[in-house]
Amino acid sequence: MDVPQDVLQQILEAGRQAPSAANRQPVRFVIVNDRDLLKVLCDTLFTRFVKDAPLVIVGCANVESLLTGKWAVVDATIAMENMVIAAWTFGVGSCWIGACDEEKVKELLKIPDKWKVVALVTLGYPAEQPKPRKKKSFEEMFSFNSF
Ligand SMILES: Cc1cc2nc3c(=O)[nH]c(=O)nc-3n(C[C@H](O)[C@H](O)[C@H](O)COP(=O)(O)O)c2cc1C
């Protein structure tokens with residue numbers, strides 16, 4: 001099932017409002033919702049189910065951006081996670097996709113050289129409810145006042 005346009009708009013807005021180092025926002029997101037293009041995009045990924053998603057957000061960072069290029073990937077990541085969280089408030093699930101042939105993705109979507117593909121995120125209504133993945137314990141992940 002497609003994500004309705006008004007829901008998608010609110011999800012994207014959560015990305016647009018994300019914090020950014022010095023507020024320079026050296027980020028751009030390509031939304032791929034054309035079915036034929038999604039199929040071709042899927043061939044550049046190592047994750048086959050992407051073609052079944054109604055849309056994919058391709059997060060890009062201008063790592064050569066003046067002053068804050070070194071934070072561009074962080075900025076893009078925060079914005080994408082904002083969108084992931086916003087999506088779930090509408091019942092829209094997601095999956096981060098890192099395993100891709102970056103050069104092929106860039107060529108296909110006409111992403112300029114100096115931009116880095118940070119990751120992709122699929123969005124769609126979940127067809128199943130998988131069990132939660134095993135996570136590290138609280139103690140393994142957090143400590144107070146020293147590492
Ligand atoms: C940066 C990043 C890259 C990922 N890349 C892939 C991927 O290429 N293919 C895939 O199927 N899942 C990918 N995932 C999803 C993870 O496998 C998943 O988040 C993890 O197993 C934990 O499951 P959960 O998100 O349901 O808690 C990625 C997640 C992150 C954060």
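Of the residues making up region 116-147, those that are outside any loop (DSSP other than H, G, I, E, B), within 30 Å of D34 (Cβ to Cβ), of a type in the set (A, V, I, L, M) and away from the ligand (no atom under 11 Å from the Cβ) are V117, L123. The one condition from (1) out of contact with any Lys or Arg (no Cβ under 9 Å at 6 or more places or on another chain); (2) more than 16 Å from the ligand (Cβ to nearest atom); (3) not aromatic (F, W, Y) that I57 does not meet is (2). Scan region 113-137 for residues that are surrounded by 10 or more Cβ atoms within 10 Å (Cβ to Cβ), farther than 20 Å from C42 by Cβ and of a type outside the set (D, E, K, R) and the total you get is 1.
For beta carbons closer than 7 Å, sequence separation of 6+ or different chains, a first residue in region 79-107 that is under 22 Å from P19 (Cα atoms) and polar (S, T, N, Q) and a second that is within 13 Å of the ligand (Cβ to nearest atom) and outside any helix (DSSP H, G or I), the qualifying pairs are S94/V121; S94/T122.
Just to verify a result, which residue in region 86-101, among those that are within 12 Å of the ligand (Cβ to nearest atom) and not in a strand (DSSP E or B), is surrounded by the fewest Cβ atoms within 10 Å (Cβ to Cβ)? Can you show your working first?
First, the residues of region 86-101 that are within 12 Å of the ligand (Cβ to nearest atom): 88, 93-101.
Add one more test, that the residue is not in a strand (DSSP E or B), and what stays is 88, 98-99, 101.
On the way: W88: 14, G98: 12, A99: 10, D101: 14.
For region 86-101, the residue satisfying everything is A99.
Scanning for something surrounded by fewer than 17 Cβ atoms within 10 Å (Cβ to Cβ) and outside any loop (DSSP other than H, G, I, E, B), does region 61-74 turn up at least one residue? Scanning region 61-74, I find at least one residue that is surrounded by fewer than 17 Cβ atoms within 10 Å (Cβ to Cβ) and outside any loop (DSSP other than H, G, I, E, B), so the answer is yes.
Each reported figure results from applying straightforward, stated rules to the coordinates on display, with no laboratory input. Only a predicted model underlies this, so the values are computations on that prediction, with no experimental measurement involved. Because the Cβ atoms are built from the backbone with ideal geometry, glycine has one as well, and the counts that use them run over all protein chains shown.
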